[in-house]
1. Of the cross-linked pairs A:Lys24/B:Lys79; A:Lys79/B:Lys158; A:Lys104/A:Lys158; A:Lys79/B:Lys79; B:Lys24/B:Lys158; A:Lys47/B:Lys47, which ones have a Cα-Cα span greater than 27 Å in the structure shown?
2. Placing the label point 7 Å from Cα along the Cα-to-Cβ direction, what are the distances from A:Glu156 to the equivalent spots in the other copies, shortest first, in nm to one decimal?
3. Over the alpha-carbon set of chain B, divide Rg by the Kirkwood Rh and report the Rg/Rh ratio to two decimals.
4. If R₀ is 56 angstrom, what is the calculated FRET efficiency for the pair B:Ala73 and A:Asp103, using the beta carbon separation as r and rounding to 0.05?
5. Can you give me the distance in nm between label points at B:Thr165 and B:Glu20, each placed 7 Å from the Cα along the Cα-to-Cβ direction?
6. How large is the helix-only mean residue ellipticity at 222 nm for chain B, computed as the sum of -39500 (n - 2.57) over DSSP H runs with n ≥ 4, divided by its residue count, in deg cm²/dmol to the nearest 500?
7. For region B:20-166, with every protein chain kept in place, what is the accessible area per residue (1.4 Å probe, Å²)?
8. Shortest first and in nm with one decimal, please list how far the B:Asn97 label point sits from its counterparts in the other copies (point 7 Å along Cα→Cβ).
2 protein chains.
Amino acid sequence: MTQGQSRSENTRGLLFLTDEQLRKGIEAMFFAYRGFTADPDRILAEKSYGRAHHRALHFIHRSPGTTVNNLLATLGVTKQSLNRVLRTLIEDGLVLNEVGIRDKRERHLTLTDAGADLESALSNAQSDRMRSAYRQAGADAVYGFCTVLEAMMDPELKEHYEHLTGGEQQ
Amino acid sequence: MTQGQSRSENTRGLLFLTDEQLRKGIEAMFFAYRGFTADPDRILAEKSYGRAHHRALHFIHRSPGTTVNNLLATLGVTKQSLNRVLRTLIEDGLVLNEVGIRDKRERHLTLTDAGADLESALSNAQSDRMRSAYRQAGADAVYGFCTVLEAMMDPELKEHYEHLTGGEQQ
DNA sequence: TTGGAATGTCAACAACACTGACGTATTATT
DNA sequence: AATAATACGTCAGTGTTGTTGACATTCCAA
């Protein structure tokens with residue numbers, strides 16, 4: 001029941017993968033993602049923000065001066081959904097919303113000092129766990145980790161990921 | 001700003017990790033998780049179910065006859081939240097709810113044939129992407145992937161993960 | 001028999017996503 | 001100059017998923 005489905009593929013040089021291995025990976029993703037968000041969630045709960053606020057802060061920090069449309073595409077949500085979050089962040093003085101110079105329809109988003117402080121607190125909480133996991137697992141494991149994650153992304157989302165990694169690095 | 005924080009730790013034999021590497025891992029998790037859930041989400045949307053239904057079906061499939069309390073701990077939600085999901089699954093004839101024999105307070109949960117069909121459809125959709133990612137990345141990468149994910153889990157959640165992987169495997 | 005554990009249910013609420021519609025600038029196109 | 005398209009914001013409604021709190025029931029065990 002767990003075995004015997006892709007032996008022929010093996011002869012074509014493909015990795016042999018049991019249902020068991022795949023299921024294990026699926027459950028690992030589920031449980032690990034819970035750990036991944038747990039620490040920032042605790043900080044956010046104190047300030048009555050949610051994960052959506054964290055994501056917005058993160059990507060505005062990563063791409064200062066980004067536009068609303070840009071952020072929309074990266075986060076993969078509707079403008080109504082993002083707007084709710086952005087509005088509170090702007091009202092609370094964590095994010096700046098400036099009219100574009102070349103194109104006045106656009107709004108450029110930047111973190112204020114207070115916004116950068118919160119972003120940094122959230123980022124540190126998440127990075128601490130990540131660093132600890134990386135060190136437990138070792139350098140080779142980290143490389144494999146990222147390789148598999150990248151292969152799991154939707155092609156369209158992967159472009160956003162690579163654009164962040166490659167381009168506009170300050 | 002991205003550099004120079006843990007050079008001293010390096011001499012103690014610890015992995016040297018830049019903020020950039022950590023941030024990349026964080027973003028990889030974010031984008032990959034979206035891909036991870038995208039395929040089952042499409043199937044669920046057709047049947048007007050959500051991810052919570054998927055998770056319940058998955059873990060009932062994994063541990064047939066599990067109790068509500070057990071499932072609660074694995075999923076990490078409140079009984080009220082799980083109850084709403086279970087109720088619809090039971091009403092729709094996807095899950096069986098049987099009073100325990102030894103302890104009649106407990107309810108043992110099992111998938112019906114229809115429930116197993118849906119679980120299998122969801123599982124296959126998710127596994128297909130996983131398999132493709134695993135093959136793109138290679139066997140070593142897969143090993144590293146799981147190692148890092150396991151290191152990221154909360155210890156309490158990791159027990160659930162290991163219990164599933166190790167025990168009650170028929 | 002009393003206390004506690006397991007389960008279920010009701011109600012209220014909040015976060016976060018969605019759709020659809022509408023308005024207002026601003027820019028681009030014809 | 002008129003028209004279309006773009007970027008953004010907002011209002012209203014809906015759905016899923018999570019949370020608390022309160023309360024009833026059933027059953028086990030001391």
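The values are calculated or read from the model by the stated rules, or taken from the named source; none is laboratory data. Keep in mind that this is a model prediction, so the values were computed, not measured. For neighbour counting, all protein chains shown are included, and Cβ atoms are generated from backbone atoms with ideal geometry for every residue, glycine included. Accessible surface is based on the protein model in full, side chains and every heavy atom, while ligands, DNA and RNA are left aside. Shrake-Rupley method; radii C 1.70, N 1.55, O 1.52, S 1.80 Å.
1. Working: A:Lys24/B:Lys79 25 Å; A:Lys79/B:Lys158 37 Å; A:Lys104/A:Lys158 29 Å; A:Lys79/B:Lys79 33 Å; B:Lys24/B:Lys158 24 Å; A:Lys47/B:Lys47 36 Å.
From the list (A:Lys24/B:Lys79; A:Lys79/B:Lys158; A:Lys104/A:Lys158; A:Lys79/B:Lys79; B:Lys24/B:Lys158; A:Lys47/B:Lys47), the Cα-Cα distance tops 27 Å for A:Lys79/B:Lys158; A:Lys104/A:Lys158; A:Lys79/B:Lys79; A:Lys47/B:Lys47.
2. 3.8
3. Working: Rg = 19.8 Å, Rh = 18.6 Å.
Ratio of gyration radius to Kirkwood radius: 1.06.
4. On the way: r = 52 Å, r/R0 = 0.93.
Once rounded, the FRET efficiency stands at 0.60.
5. 3.2
6. Details: 8 runs with 117 residues, N = 170.
It comes out at -22500 deg cm²/dmol, rounded to the nearest 500.
7. Numbers: 7100 Å² over 147 residues.
Value returned for region B:20-166: 48 Å² of accessible area per residue.
8. In nanometres, ordered from closest: 4.5.
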